[in-house]
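Scroll down for the structure; my scribbles are underneath it.
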Amino acid sequence: MALGARLELRQGQSLVITPQLQQAIKLLQLSNVELDAYVEGELERNPLLSRDEAADGAPEERRTEPAEEPRAEAPDADARDLDVASEDLYGDASPGERASQEQDDGAGAMSGGSIDWSKAGRGGGADLSGEELEGSLAREKTLSDHLHDQLAVANLPDAERAIAVVLIDGVDEGGYLRTDLVELAERLGCSPERVETVLKALQGFEPTGVFARDVRECLSLQLKERDRLDPAMAALLDNLELLARHDMAALRKACGVDAEDLKDMLAELRALTPRPGAAFGGEPSQPITPDVLVREGPGGLWHVELNTDTLPRLLIDRRYHARVAGAARTEQEKTFVSDCLASASWLVKSLDQRAKTILKVASEIVRQQDGFLAYGVEHLRPLNLKTVAEAIGMHESTVSRVTSNKYMSTSRGLFELKFFFTSAIASSDGGEAHSAESVRHKIRQLIDSEAQPEAVLSDDRIVEILKEAGVDIARRTVAKYREAMRIPSSAERRRILKEAC
């Protein structure tokens, strides 16, 4: 076959992600702190931009939208551009694959972020300089990161996982819990006993001693792990004030040991770590400013509004542009002025579109999770990105970006938007899906009703009962939920009941 060169004409279509569209997508995933830093950089770079100082402190201009009447109109051209870009980047990937690609994708400088979902989507700039990239790679894992990593594989029920996220946020750099459990229970609408149960589970996390509420509890957890928390050592922990006063005679009497034994006990105590979280890297403490404010209105309706304090207000100086453009002589000067105007116009437009998109997503989340706001953590409904995306007419990846690094202030506390997404279990009769938490509650009720050894239910029997009640669930899922609730197997429960009888 002879080889030769030839010319061909081909016609085709392709999506080109322009720098402006990249910027709009990037702005969606930035937190309000990152956005403010980005805007500051644009103000320094672009002479046509300036802050609208007159608009600051004007809460009456705050964007607002009632959650009970979410708008489901078709997104405007900008929103469609963002969605089309997302679909083109990730093709026919599943939502889970898209989420994974969004985290790892550096192409197009459009995603950043880490995820724990509990800490999901920390975001990050798309166009990292060498120094910024080096700094991000060298960043030490914090205690919070370490705890969230363990929570991700802890297999806790959804409601208890939600409580755990709030408890982790209450741990200081030393590893001590600084959150009042009774106040937290009231805020989340659950019992203090349930919060205490979740805390006991979290106290099994590494490093040992974390989530302690005082030094005694911290040391007690470490001694318990070493199987050294005997009555004498417990008495020593109860009398740490005597140790602080160096009153060894009173300490020996309180512990009921001689001088030699007390010396050994003190040596064991010195080998413990009073600040278990100190081994992890710290990060500057930054107060979280909510992006969305939710308040209850008349008639039990929820009103959702953007926090104007987190919205940059920019102006384009048209007079200065006209003066500079008129004075430009060379093509280079004219191009620079034209680029500055185009960049400024697109940034202002992108910020406005970002605010509208956040408000739409937040309003739909509140509409879906109004039960949680009214009654507490037990009433979190099954919710995923697809449900919200379809309700507001946007793409799932757009909703994913919006819910990263954004926080909502409610009467029950401050929560990241990703907090409100929970898993679902299908209905066997095709009806409405059941939340995972409600299914766990049914399993516990069935097991609690076992009064006699012969009445003990196997996992298979529980599956049958749940399917009769309209819950489509697998046996391995029942076993997983039972183990997560620390309920013994049917054989062990039967043996315990026989011994009790």
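Details
- Rounded to whole Å, the principal axis extents of the Cα atoms in the range 317-390 read 68, 22, 15, largest first.
- Ordering of 360-370, 255-265 by packing [mean C-beta count within 10 Å, highest first]: 360-370, 255-265
- Computed over the alpha-carbon atoms, the range 140-282 gives an Rg to Rh ratio of 1.04, Rh here being the Kirkwood radius from the mean inverse distance.
- Restricting attention to the range 140-282, lysine pairs at least eight places apart or on different chains and with alpha-carbon atoms under 29 angstrom apart total 6.
- Reachable lysines, given that their alpha-carbon falls under 16 Å from the alpha-carbon of LYS26 and they are not under 8 places away in the same chain: LYS349, LYS356, LYS406
- For the range 181-239, the calculated P(r) over all alpha carbon pairs, in 10 Å bins from 0 to the bin holding the longest distance, is 22, 41, 29, 8 percent.
- Spin-label proximity, LEU301 to the range 351-380 - amide N less than 16 Å from point 7 Å beyond Cα toward beta carbon: 363-364, 366-368, 370
Rule-based calculations on the coordinates, nothing more; no lab input. This one's a predicted model, so the numbers in the text were calculated from it and none came from an experiment. Counting neighbours? That spans all protein chains shown, and the Cβs are built from the backbone with ideal geometry, glycine included.
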